[in-house]
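These notes concern the structure reproduced below.
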Amino acid sequence: MAKLKLMILGKDDDVLRAHCRPVDQITDRIIRLLDDMTETMRANNGCGLAANQVGVLRRVVVIEVEEGNVIELINPKIVAMAGEQHESEGCLSLPGRWGITTRPKSVTVRALNRKGEEFEITGQDLLARAFCHELDHLDGKMFSDNAEMIDPDKESRGGN
Ligand code: ZN
């Protein structure tokens with residue numbers, strides 16, 4: 001496995017704002033990409049990563065909101081959502097910035113696993129947010145586009 005370079009908003013907008021292409025064949029390159037993305041996410045203490053965040057314009061996502069339980073999504077689609085939540089969110093491609101987003105409370109995603117098998121997974125709360133956040137990346141969207149951003153100066157002063 002190898003740690004990949006993270007794309008940063010304001011510097012790498014060409015890839016972060018790109019619409020990623022579906023994976024049509026799960027090759028060794030895609031398997032390696034999944035492994036490298038997991039290593040990169042963990043090395044940066046992230047709980048999710050989309051392929052364009054490491055410069056690859058493919059619909060591939062890894063998520064780890066529960067330590068040791070990596071969810072790999074190839075060509076993911078949201079097939080159901082319910083409820084609403086307002087929580088703070090950050091992004092490895094926007095270091096040091098946080099904002100409050102409105103997301104569904106429960107989200108069901110359909111995707112392929114690394115063997116090419118279709119599966120569905122439902123997440124609540126943090127996992128539901130991670131699904132929305134990472135799938136948005138694949139369409140060139142950043143959480144900060146629709147968030148109430150928290151002033152970083154206030155944050156660093158420890159104020160409210
Ligand atoms: Zn992100």
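Taking the chain as the reference, fit the longest principal axis to its C-alpha atoms, fit the long axis of helix 28-43 to the helix C-alpha atoms, and give the angle between the two in degrees, 0 to 90, nearest 10.
Roughly 30 degrees between the two axes.
Between the helical axis of 125-138 and the dominant principal axis of the chain, each derived from Cα atoms, what acute angle in degrees is found, rounded to the nearest 10?
Result, in degrees: 70.
Using +1 on the beta carbon of Lys and Arg, -1 on that of Asp and Glu, and nothing else charged, what's the dipole of the stretch 13-150 about the Cα centre, debye to 20? Don't jump to the answer; show the numbers that get you there.
Details: 16 positive and 23 negative charges, 61 e Å.
About 300 debye.
Let me confirm the definition first: pairs of Lys residues in the stretch 54-160, 8 or more apart or on different chains, C-alpha distance under 22 Å. How many are there? Write out the running numbers ahead of the final one.
Details: Lys77/Lys105; Lys77/Lys115; Lys77/Lys141; Lys105/Lys141.
Step by step, the pairs that qualify in the stretch 54-160 add up to 4.
The stretch 61-90: which GluC sites (Glu not before Pro) are DSSP loop and have at most 12 other beta-carbon atoms within 10 angstrom? Please list the in-between numbers first.
Numbers: sites: Glu64, Glu66, Glu67, Glu72, Glu84, Glu87, Glu89; in loops: Glu67, Glu84.
Listed in order of number, the matching sites are Glu67, Glu84.
Hey, rough spin-label estimate for Gln85 and His19, points 7 angstrom out along Cα→Cβ, what's it come to in nanometres?
The answer from the label model is 2.9 nm.
Quick check for you: which residues of the stretch 13-41 have the amide N under 11 Å from the point 7 Å beyond the Cα of Ile121 toward its beta carbon?
Answer for this model: none.
Select from His137, Ile150, Leu33 the residue farthest towards the positive end of the dipole of the chain; place +1 on Cβ of Lys and Arg, -1 on Cβ of Asp and Glu, and compute about the Cα centre.
Leu33
Taking only DSSP H segments of four or more residues, each worth -39500 (n - 2.57), what value at 222 nm results for the chain once the sum is divided by all its residues, to the nearest 500 deg cm²/dmol? Don't jump to the answer; show the numbers that get you there.
Numbers: 4 runs with 40 residues, N = 160.
Computed mean residue ellipticity for the chain: -7500 deg cm²/dmol.
Counting only trypsin sites (Lys or Arg not before Pro) that sit in a DSSP loop (anything but H, G, I, E, B) with at most 16 other Cβ atoms within 10 Å, what is the longest stretch of the chain containing none of them?
Details: sites that count: Lys3, Lys5, Lys11, Arg17, Lys105, Arg114, Lys115, Lys141.
The answer is 18-104.
Which whole-percent values make up P(r) of the chain when all C-alpha to C-alpha distances are grouped in 10 Å steps starting at zero?
11, 41, 37, 10, 1, 0
A short reminder: the numbers here are calculations on the coordinates, not readings from a lab. Just so you know, these numbers come straight off a predicted model, no measurement behind them. Heads up, the Cβs are rebuilt from the backbone with ideal geometry, glycines too, and the neighbour counts pull from every protein chain shown.
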